[in-house]
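One structure is given here, and the rest of the page talks about it.
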Amino acid sequence: MAAMPPDLLLPEVPPKTGLPALDPVFQERVILAAVFPEPAVPEPAVPEPAVPEIAAPEPAQPSPAAPAGLGQLGRAVRAPERPQDALLEHVPNPHRDALYLVRFVAPEFTSLCPVTAQPDFAHLVIDYVPGDWIVESKSLKLYLGSFRNHGAFHEECTLDIGKAIIAAIDPSWLRIGGYWYPRGGIPIDVFWQTAPPPPGLWLPDQGVPSYRGRG
């Protein structure tokens with residue numbers, strides 16, 4: 001075999017002797033960093049947002065002005081579900097020597113028909129002359145509200161309310177007018193009083209006209 005011409009031979013590559021030599025100063029810094037690492041600087045703590053404390057509501061306390069012996073005025077009480085569960089409360093008559101009239105008006109009284117359980121609505125006007133006691137109005141409101149799911153005819157509801165007030169305060173005189181809205185096309189009004197009004201009593205008209213339809 002003929003020898004290859006010298007100009008076609010590849011030059012010899014010297015063998016690799018390893019990585020290039022590092023700078024001595026750089027090596028020293030690397031060694032010092034490994035032996036004596038710089039302490040880590042902690043990141044500043046982010047405070048959590050403060051959650052305001054919500055104070056629990058204090059239980060309702062009786063009003064300082066409420067007379068002793070009242071269990072409903074100034075307190076959170078559960079509405080009675082039936083008239084027989086309600087309690088009519090009273091306070092002393094502040095003008096026992098005077099002849100005067102007290103009037104309560106309940107324009108949105110409701111009850112139920114005892115047969116069909118359909119709702120009945122009435123405008124009630126209660127007039128009475130106090131004796132030793134007057135009716136506490138919140139207890140009366142709760143008492144009237146207890147008829148909402150009570151089944152009774154118009155006449156029974158109206159007179160039951162009047163008699164309940166008499167039993168609670170024994171007034172000198174009382175009358176009640178129940179002006180019932182029509183159901184079945186017939187309005188029913190119920191009127192009752194304990195006796196003729198006392199002489200000299202200022203007794204305004206109850207001011208409720210007879211029911212009329214449109215027109």
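The values are calculated or read from the model by the stated rules, or taken from the named source; none is laboratory data. Small disclaimer: the values here were computed from a predicted structure and weren't measured. Here Cβ is always computed from backbone atoms with ideal geometry, including for glycine, and neighbour counts include all displayed protein chains.
Can you tell me how many residues within segment 82-103 are among the polar types (S, T, N, Q), outside any loop (DSSP other than H, G, I, E, B) and buried (at least 16 other Cβ atoms within 10 Å of the Cβ)?
Count: 0.
Quick one: what pairs do we get from segment 192-215, first residue touching a residue at least 40 places away in the same chain (Cβ under 8 Å) and within 12 Å of Tyr100 (Cβ to Cβ), second among the small types (Gly, Ala, Ser) and surrounded by 10 or more Cβ atoms within 10 Å (Cβ to Cβ), C-beta under 7 Å, 6+ apart or different chains?
Pro198/Ser172
Does segment 188-215 hold any residues that are in a loop (DSSP other than H, G, I, E, B), among the aliphatic types (A, V, I, L, M) and under 39 Å from the mean Cα position of the chain (by Cα), and which are they?
Residues satisfying the conditions are Ile188, Leu203, Val208.
Name the residue that is nearest to Trp173 (Cα to Cα), counting only residues in segment 186-205 that are out of contact with any Lys or Arg (no Cβ under 8 Å at 6 or more places or on another chain) and surrounded by 15 or more Cβ atoms within 10 Å (Cβ to Cβ).
Applying the filter and picking the extreme gives Val190.
Within segment 119-139, take every residue that is under 25 Å from the mean Cα position of the chain (by Cα) and of a type outside the set (D, E, K, R) and give me the one that is farthest from His90 (Cα to Cα).
By that ranking, first place goes to Pro119.
Failed condition for Ser111, given (1) touching a Cys at 6+ places or on another chain (Cβ under 6 Å); (2) assigned to a loop (DSSP other than H, G, I, E, B), with all others met?
Just one mismatch for Ser111, condition (2).
Might you let me know whether segment 121-134 holds any residue that is hydroxyl-bearing (Ser, Thr, Tyr) and closer than 23 Å to Arg82 by Cβ?
Within segment 121-134 (the criterion being hydroxyl-bearing (Ser, Thr, Tyr) and closer than 23 Å to Arg82 by Cβ), the answer is no, since none of the residues qualifies.
I'd like the full set of residues that are closer than 13 Å to Ile165 by Cα, without any contact (Cβ under 8 Å) to a residue 40 or more places away in the chain and touching a Pro at 6+ places or on another chain (Cβ under 7 Å), limited to segment 82-135.
The answer is Val102, and nothing else.
Hey, can you tell me all the residues within segment 140-158 that are part of a helix (DSSP H, G or I), surrounded by fewer than 21 Cβ atoms within 10 Å (Cβ to Cβ) and not hydrophobic (A, V, I, L, M, F, W, C)?
Those that are part of a helix (DSSP H, G or I), surrounded by fewer than 21 Cβ atoms within 10 Å (Cβ to Cβ) and not hydrophobic (A, V, I, L, M, F, W, C): Lys141, Gly145, His154, Glu155, Glu156.
Read through the list (1) of a type in the set (Lys, Arg); (2) more than 19 Å from Gln84 (Cβ to Cβ); (3) surrounded by fewer than 17 Cβ atoms within 10 Å (Cβ to Cβ), then give the number of the only condition that Lys163 fails.
(2)
Taking segment 104-138 only, how many residues are under 18 Å from Gly207 (Cβ atoms) and exposed (fewer than 13 other Cβ atoms within 10 Å of the Cβ)?
Adding up the residues that qualify gives 2.
Which numbered condition trips up Leu142, out of (1) under 27 Å from the mean Cα position of the chain (by Cα); (2) more than 25 Å from Ala76 (Cβ to Cβ)?
Single failed check for Leu142: (2).
Ile161 is checked against (1) in a helix (DSSP H, G or I); (2) without any contact (Cβ under 8 Å) to a residue 12 or more places away in the chain and fails just one. What number does that condition carry?
That leaves (2) as the condition not met.
Listed here are the residues, each with its yes/no results for (1) modelled with pLDDT under 75; (2) of a type in the set (Lys, Arg); (3) farther than 23 Å from Val129 by Cβ.
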site	(1), (2), (3)
Pro15	yes, no, yes
Glu28	yes, no, yes
Leu70	no, no, no
Pro83	no, no, yes
Asn93	no, no, no
